[in-house]
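The values are calculated or read from the model by the stated rules, or taken from the named source; none is laboratory data. All figures in this text were calculated on a predicted structure; none of them were measured in a lab. Ideal geometry is used to build each Cβ from the backbone, glycine not excepted, and the neighbour counts take in all protein chains shown. Side chains are part of the model used for accessible areas, which takes the heavy atoms of the whole protein and leaves out ligands, DNA and RNA. Shrake-Rupley method; radii C 1.70, N 1.55, O 1.52, S 1.80 Å.
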There are 2 protein chains.
Amino acid sequence: MSTSELPDDHFRPTYEEIHVQIGEAAQRIKNDFDPDLMVAIGGGGFYPARVLRTFLKKPSALDPSKLRNIPIQAIGLSLYEEVSGTSEGQIGNEVVRTQWLDAKTVSGKGVKGKIEEGKDAGGLLGKNVLIVDEVDDSRTTLQYAYNELLKDVRSAISALSEEEKKDLAPTRFAIFVVHNKNKEKRGTLPMLPDGLPKEQEEIQNGVCTAVRYFAGAEIDDVWCCYPWEETDIIEHNRLAALAKEIKARQASTN
Amino acid sequence: MSTSELPDDHFRPTYEEIHVQIGEAAQRIKNDFDPDLMVAIGGGGFYPARVLRTFLKKPSALDPSKLRNIPIQAIGLSLYEEVSGTSEGQIGNEVVRTQWLDAKTVSGKGVKGKIEEGKDAGGLLGKNVLIVDEVDDSRTTLQYAYNELLKDVRSAISALSEEEKKDLAPTRFAIFVVHNKNKEKRGTLPMLPDGLPKEQEEIQNGVCTAVRYFAGAEIDDVWCCYPWEETDIIEHNRLAALAKEIKARQASTN
């Protein structure tokens with residue numbers, strides 16, 4: 001069997017393949033959701049969020065002929081990994097916050113510095129918020145991130161005056177992952193059907209009751225070796241190319 | 001002139017080249033500085049921090065035969081870009097905070113969730129902190145990030161009891177950028193000489209008085225097209241390969 005040339009059955013996407021997939025997903029995300037800002041789940045979401053930003057630029061408010069980047073806020077969540085200070089039983093069972101958004105970042109009120117002078121002063125309220133991660137494996141981390149951000153947004157909205165509430169656009173959430181693994185999920189998300197028109201969304205107390213979900217690709221429940229996790233990227237690319245070659249060889253002999 | 005095959009004189013490093021350079025720098029960073037955590041300046045620092053993490057793993061406290069990731073904290077700074085709400089005159093002249101570390105993250109005291117139960121409860125105090133960005137162009141953003149983090153650390157240390165201060169290891173800062181542009185800098189950093197033994201560092205009130213500086217590569221003052229900023233990564237790689245081919249051709253005819 002020619003697959004013995006490979007050390008294992010791991011899936012090895014290259015940087016270029018993932019980059020292209022993110023670009024393709026960005027078009028769907030722009031059409032269906034049009035995000036105002038991203039919340040990247042670190043460390044896995046950092047690379048996809050950075051590449052997505054390239055494809056999700058918006059016309060500048062100062063000069064609409066120019067494009068501007070949409071902001072990225074980062075949160076830190078750890079599920080499978082050891083964080084210093086966690087006890088052994090916690091690893092893999094619980095989501096641990098290593099960084100979170102402060103109340104001002106959620107509400108956009110009283111943001112320090114010159115940003116507050118502007119009309120559109122940041123914050124999550126009234127925005128289309130895209131949560132970004134690397135892979136949707138058990139869905140535990142994504143469920144946690146969505147539920148906790150939703151909680152913070154609801155609490156910030158409830159602190160607004162009636163007048164402020166009236167002026168506020170609905171807050172929407174969507175999720176983007178590079179890969180969604182087709183497997184049974186431990187976490188759940190209230191999903192909107194693909195391509196649902198915005199008018200058909202249900203809004204409750206200023207927040208959309210469900211999320212839009214985008215994946216760069218659907219994959220089987222295989223071990224995925226991300227290029228940014230490799231110490232030897234040249235070998236990674238060699239094995240990625242070899243796996244494709246073997247697949248093509250097998251297809252041509254069948 | 002054969003360079004007319006290229007659209008411009010921009011520098012186009014590939015993902016793989018940058019990945020390899022980050023891996024090489026990581027060895028020097030580990031030897032000279034041995035970081036406990038990273039502070040990634042978003043969005044540019046997100047990709048390099050994520051790749052660096054792969055190369056900077058440390059033995060686990062729970063099981064020293066296993067390696068664990070070091071934490072990444074993210075801050076958001078904007079210099080050249082428009083942030084919604086900034087006024088026109090601000091762009092390119094000032095550094096604007098779009099995300100920052102809260103006081104608990106700096107001090108490591110009272111961090112919410114299970115992390116606080118551990119001995120090594122996060123925070124910047126007493127740690128080797130590596131600030132990570134994409135490129136050192138004018139040095140303005142790096143100066144801002146270092147000065148402000150230093151200010152926060154000094155203020156957190158001054159709030160400690162005398163006993164806590166006595167037990168605290170020195171806090172050290174270092175900087176890593178993928179590329180340092182060889183040009184006159186507007187920002188300044190108090191630099192430690194390369195490879196200075198740790199014993200020769202000057203510590204004042206619990207903080208090292210200068211920073212270690214690491215760059216993946218020194219480059220000329222050219223326009224650099226990072227792969228994560230490209231909408232067409234295939235064309236980027238084609239132009240990168242073509243530029244190398246032209247250079248080799250020219251070298252062989254000279």
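Working note: Karplus 6.51/-1.76/1.60 with θ = phi - 60° gives the stretch A:35-52 the couplings x, 8, 7, 10, 10, 8, 8, x, x, x, x, 5, 5, x, 5, 5, 6, 4 Hz, where Gly and Pro are set to x. Residues of the stretch B:119-164 whose accessible area, computed with a 1.4 Å probe over protein heavy atoms, drops by at least 30 Å² once all protein chains are present relative to their chain alone are B:120. Starting from the label point of residue B:182 at 7 Å along Cα→Cβ, the same points in the other copies fall at 5.4 nm, in ascending order.
Shown for chain B: the carbon plus sulfur share of the solvent-accessible area, taken with all protein chains present and a 1.4 angstrom probe, equals 50%. Couplings 3J(HN,Hα) for the stretch B:160-171, derived from phi with the Karplus relation 6.51 cos²θ - 1.76 cosθ + 1.60 (θ = phi - 60°), are 7, 6, 4, 5, 4, 4, 4, 7, 7, 5, x, 8 Hz, where x marks Gly and Pro.
Helix B:233-253 and the long axis of chain B differ in direction by around 60°, with both axes built from C-alpha atoms. Rounded to the nearest 20, the size of the Cβ-charge dipole of the stretch B:13-222 about its Cα centre is 700 debye, with Lys and Arg at +1 and Asp and Glu at -1. Across the copies of the chain, residue B:64 has label points (7 Å from Cα along Cα→Cβ) spaced 6.5 nm apart, shortest distance listed first.
For helix B:140-158, what angle does its Cα long axis make with the longest principal axis of chain B, in degrees from 0 to 90 and rounded to 10? So the inclination is approximately 10 degrees. Shielding value for B:10-23 is 3, the average number of Cβ atoms from other chains within 10 Å of each residue's Cβ. Could you report the buried accessible area between B and A, both sides summed, computed with a 1.4 Å probe and given in Å² to the nearest 100? Interface area, both chains combined: 4600 Å², rounded to the nearest 100.
Can you order the peptides B:124-137, A:207-220, A:4-17 by their average number of other Cβ atoms within 10 Å per residue, highest first?
Numbers: B:124-137: 23.6, A:207-220: 17.5, A:4-17: 14.9.
Ranked by mean Cβ neighbours within 10 Å, highest first: B:124-137, A:207-220, A:4-17.
Ignoring aspartates and glutamates fewer than eight residues from residue B:104 along the same chain, the ones with Cα atoms less than 14 angstrom from its Cα are A:102, B:116, B:120, B:152. Largest mean-square fluctuation among B:198, B:183, B:109, in a Gaussian network model of chain B whose springs join Cα atoms under 10 Å apart, belongs to B:198.
Pairs to check: A:30/A:198; B:30/B:109; A:66/B:183. Give those whose C-alpha atoms are more than 20 Å from each other in this structure. Cα-Cα > 20 Å for B:30/B:109; A:66/B:183; rest within. Taking label positions 7 Å along the Cα-Cβ direction at both residue B:161 and residue A:201, the computed distance is 5.1 nm, reported to one decimal.
Between identical copies, the spacing of residue A:245 label points, each set 7 Å from Cα toward the C-beta atom, reads 2.1 nm from nearest to farthest.
Other chains' Cβ within 10 Å of B:37-44 residues: what's the mean?
4
Within the set A:151/A:185; A:57/B:151; A:127/A:185, which residue pairs have Cα atoms separated by over 24 Å?
Numbers: A:151/A:185 22 Å; A:57/B:151 34 Å; A:127/A:185 28 Å.
From the list (A:151/A:185; A:57/B:151; A:127/A:185), the Cα-Cα distance tops 24 Å for A:57/B:151; A:127/A:185.
Per residue, how much accessible area does the protein assembly as shown show when a 1.4 Å probe rolls over the protein heavy atoms, in square angstrom?
Values: 23480 Å² over 508 residues.
Ligands and nucleic acids excluded, the result is 46 Å² per residue.
Percent antiparallel among DSSP beta bridges with both residues in the stretch B:13-222, to the nearest 5?
Roughly 20 percent of the DSSP beta bridges within the stretch B:13-222 come out antiparallel.
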